[in-house]
Amino acid sequence: MGGERNRNVSDNNAVTGGVIKYARDNIDTDVIIPGQYLKIHDYAELATHAMEGLDGDFHSKAKNASFIVAGRNFGCGSSREHAPIALAHSGIKAVAALSFARIFYRNAVDGAFLLPIEIGEDAYEGTGEGDVVTIDVKAGQMRNETTGRRYEIKPFSEIIGKIIEAGGLFRYGMQQKQQKQQQQQQGS
Amino acid sequence: MAQNASTLFEKIWDSHEVLRNGADGPSLLYVDRHMVHEVTSPQAFEGLRANSRKVRRPGLTVATMDHNVPTTPGERRLPMADQTSDLQVRTLEENCREFGIRLFGMGSPDQGIVHVIGPQLGITLPGATIVCGDSHTSTHGAFGALAFGIGTSDVEHVLASQTVWMQKPKSLEIMIRGRMSGPRAVTAKDVILYVIRKIGTDGGAGHVAEYRGEAVSDMSMEQRMTICNMSIEAGARAGLVAPDEKTFEYLRGRTYTPENYEEMVNVWEKTLRTDSKASFAKRYEIDAGRIAPQVSWGTNPGMTCDVTEAVPDPAEYGDGDKSREDSARKALQYMGLEPGTPMTEIPLDRVFIGSCTNARLEDLIEASRAVRGRKIARGVSAMVVPGSQAVKRSAEEMGLDVIFKDAGFEWRESGCSMCLGMNPDILMPGERCASTSNRNFEGRQGAGGRTHLASPVMAAAAAVNGHFVDVREMDMQDGAV
């Protein structure tokens, strides 16, 4: 389980899917995955409790959706990595929010569980529940296919892009190590 | 600005930076102390095992079990009634055995909440980098350490390499000027709740906060821990206080205090402070004298007011910010509160005195002052969950357990307990609780549970009155304590 919690966002290709919208700030990790479920080791089971603190229908909604759109400070609170894992295993490929709490953002990236996409007010206001959107990290764009509008997304810093591309922190580290070894071999 | 003027945070950062990726980072930081608990570590150990890795520095790693252990006396043994908790606890035991990590297990006299036992055992040290798979790791910053929470992937990384990647945060100054108006009625908890209320739940985002000023210097180490503990609730990466003689004295002679401690103190005294010419990226200033006892009314720690105030009107609270207004409206709906209701007229069902924020010995002493010789109000059930078994023993030596039990409180074994509702200690839907913990998020203490954050003395006074009261006006006896 440990090595393969979820690596489903390890490419930079555009992803298209439905939106679940929570028009609120400060969605905390206790509503994303309540504490009582942190004992669950089976990620499919964990996912059935995702967002339970806020939206009892999330799990069924997520079957037809790929994205969450939300306000400021998404994922504040606890350091539980179960939060991005529960969302990822519900089928969420990316959370597009006005801003993220630091540990959630980092967990999402380090485990390559899902893409934390920082969006502007325009994209937040212009995207509604059930809209179909395409998130294209390479193009730096979020397209709302339902309304036809396009929005810029904040680009990932170089290293975050690389970690996501590699499929998580450990894979990135191993790649770096291999590259270094190759360079040394070529140099000698 | 002087060339080499640095903040305390920058000094600790620089002395732990192993390498930097390009000019702008992130940096690889050396980790001096890694604390591990049962909930965020199993997958990290599995990852090590799957890749045939070892723990790089088992001697710098310690573990305890705190999140899901029962706190009911007599139930702290294996097998535990809850099978999934039982599995997590056993898994931690096995992992510690296999990887050679010191464990303060459920039966250990040193068991307790990870952020309570670190300082208590002398594992937490000034100038150190400290990480743990828990957001309240910021607590250890009270000793002038750079301490922050990490997720499980990072736990695995630290176990394997004793390092962690991090983008360098900026320095934030939170200056708390003056002195508190009622030193034993207005506490460190009120200060930090007031700070979060003023700067917001993301006011510290991207920064490491340094708490400064007379009010902070005046505080005991345990009070400073309460402040630093809730730094994360203001969105800060970490919070810290420059060490002083109180800091050094607190750690003297503890079980794991290093042998060459006095030599270390000599160095720390000269180095671990922000240079007078250093600049902070952001500053906030708070007047301690204006701070009244605080109570949260909403569903994040920023939604807090003075105990003398009433539940706010969402439109007024929003002050033109629609999103803020909506958040307040949703919060009041969840909390079952009407705008305009005085905070002192909200009836309570439960009182929880515990957590890594407020379950140290001083917290229990302060709470006992409001309880001595009184009984908890009809219809209220209340409990005290000491932060560690050592805190529990000390409190019992002082007779605090008798004061609480005589008043009708339950007196428990140590653990995280009802702060986050992972063990059997939870609120029932709709129950309203005065809690000394750190988060009033929806469902945090149990699905549908309603949390009001407050200080230990405020929570204790609420237990005997059945509702919050302004403890500045309460007659409190110190008795033998």
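The values are calculated or read from the model by the stated rules, or taken from the named source; none is laboratory data. Model, not experiment: these values are computed from the prediction. Cβ sites come from the backbone with ideal geometry, for glycine too, and all protein chains shown count toward neighbours. Quick note on the areas: whole protein, heavy atoms, side chains included, nothing else; ligands and nucleic acids left out. Shrake-Rupley method; radii C 1.70, N 1.55, O 1.52, S 1.80 Å.
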Given the criteria open to solvent by 60 Å² or more (accessible area, probe 1.4 Å), modelled with pLDDT under 95 and within 14 Å of chain B (Cβ to nearest Cβ), does A:GLU121 qualify? no
Name the pairs: first residue in region B:10-29 and at pLDDT 95 or above, second residue among the polar types (S, T, N, Q) and open to solvent by 20 Å² or more (accessible area, probe 1.4 Å), Cβ to Cβ under 7 Å, at least 6 apart or on different chains? B:LYS11/B:THR271
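Pick from B:THR91, B:THR40: which is part of a helix (DSSP H, G or I), of a type outside the set (Gly, Ala, Ser) and within 13 Å of chain A (Cβ to nearest Cβ)?
Within the list B:THR91, B:THR40, the selection yields B:THR91.
Need a quick list: helices (runs of 4 or more DSSP H) entirely within region B:372-481 having at least 3 residues that are farther than 23 Å from B:ARG184 by Cα.
Once the helices (runs of 4 or more DSSP H) in region B:372-481 are filtered for at least 3 residues that are farther than 23 Å from B:ARG184 by Cα, what remains is B:389-397.
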Test for B:GLU362: is it acidic (Asp, Glu) and either part of a helix (DSSP H, G or I) or open to solvent by less than 10 Å² (accessible area, probe 1.4 Å) (or both): yes
Could you please find all residues in region B:51-84 being in a helix (DSSP H, G or I) and at pLDDT below 95? B:GLN83, B:THR84
So, in region B:186-215, how many residues would count as being buried (at least 24 other Cβ atoms within 10 Å of the Cβ) and either under 18 Å from A:GLY77 (Cβ atoms) or away from every other protein chain (no Cβ under 14 Å) (or both)? 17
From A:ASN64, A:ASN26, grab the single residue that is touching a strand residue (DSSP E or B) at 6+ places or on another chain (Cβ under 9 Å) and more than 25 Å from B:ALA331 (Cα to Cα). A:ASN64
Which numbered condition in (1) facing chain B (nearest Cβ under 9 Å); (2) open to solvent by less than 10 Å² (accessible area, probe 1.4 Å); (3) touching a helix residue (DSSP H, G or I) at 6+ places or on another chain (Cβ under 7 Å) is the only one that A:ILE40 fails? (2)
If you scan region B:443-469, which residues turn out to be open to solvent by less than 20 Å² (accessible area, probe 1.4 Å) and either within 14 Å of another protein chain (Cβ to nearest Cβ) or over 19 Å from the mean Cα position of the chain (by Cα) (or both)? B:GLY443, B:ARG444, B:GLN445, B:GLY446, B:GLY449, B:THR451, B:LEU453, B:ALA461, B:ALA462, B:ALA463, B:GLY466, B:PHE468
Restricting to region A:78-93, name every residue that is open to solvent by 10 Å² or more (accessible area, probe 1.4 Å) and under 25 Å from B:ILE196 (Cβ atoms). A:SER78
More than 14 Å from chain A (Cβ to nearest Cβ), out of contact with any Leu (no Cβ under 7 Å at 6 or more places or on another chain) and surrounded by 23 or more Cβ atoms within 10 Å (Cβ to Cβ), is that true of B:ILE174? yes
Which members of region B:107-155 meet the condition of being small (Gly, Ala, Ser), in a loop (DSSP other than H, G, I, E, B), away from chain A (no Cβ under 14 Å) and surrounded by 24 or more Cβ atoms within 10 Å (Cβ to Cβ)? B:GLY144, B:ALA145
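Residues are listed down the side, and each one gets a yes or a no for (1) open to solvent by 50 Å² or more (accessible area, probe 1.4 Å); (2) among the hydrophobic types (A, V, I, L, M, F, W, C); (3) out of contact with any Gly (no Cβ under 9 Å at 6 or more places or on another chain):
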position: B:SER15; (1), (2), (3): yes, no, no
position: B:ARG20; (1), (2), (3): yes, no, yes
position: B:TYR30; (1), (2), (3): yes, no, yes
position: B:GLN43; (1), (2), (3): no, no, no
position: B:VAL55; (1), (2), (3): no, yes, no
position: B:HIS67; (1), (2), (3): no, no, no
position: B:GLY74; (1), (2), (3): yes, no, yes
position: B:ALA81; (1), (2), (3): yes, yes, yes
position: B:ARG90; (1), (2), (3): yes, no, yes
Residue list for region B:305-348, restricted to those being in a helix (DSSP H, G or I), under 28 Å from A:GLY71 (Cα atoms) and out of contact with any helix residue (DSSP H, G or I) (no Cβ under 7 Å at 6 or more places or on another chain): B:GLU316, B:LYS322, B:SER323, B:ASP326, B:SER327, B:LYS330, B:ALA331, B:GLN333, B:TYR334, B:MET335
Search result, residues across region B:392-408 that are open to solvent by 10 Å² or more (accessible area, probe 1.4 Å) and touching a helix residue (DSSP H, G or I) at 6+ places or on another chain (Cβ under 7 Å): B:SER394, B:ASP401, B:ILE403
Go through (1) polar (S, T, N, Q); (2) outside any loop (DSSP other than H, G, I, E, B); (3) surrounded by fewer than 14 Cβ atoms within 10 Å (Cβ to Cβ) for B:ASN229 and report which single condition fails. (3)
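Please pick out the residue among A:GLN175, A:GLN181, A:GLN141, A:GLN186 that is open to solvent by 30 Å² or more (accessible area, probe 1.4 Å) and within 14 Å of chain B (Cβ to nearest Cβ).
Of A:GLN175, A:GLN181, A:GLN141, A:GLN186, the one residue that is open to solvent by 30 Å² or more (accessible area, probe 1.4 Å) and within 14 Å of chain B (Cβ to nearest Cβ) is A:GLN175.
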Residues located in region A:144-158, provided they are modelled with pLDDT of 95 or more and buried (at least 18 other Cβ atoms within 10 Å of the Cβ): A:ASN144, A:TYR151, A:ILE153
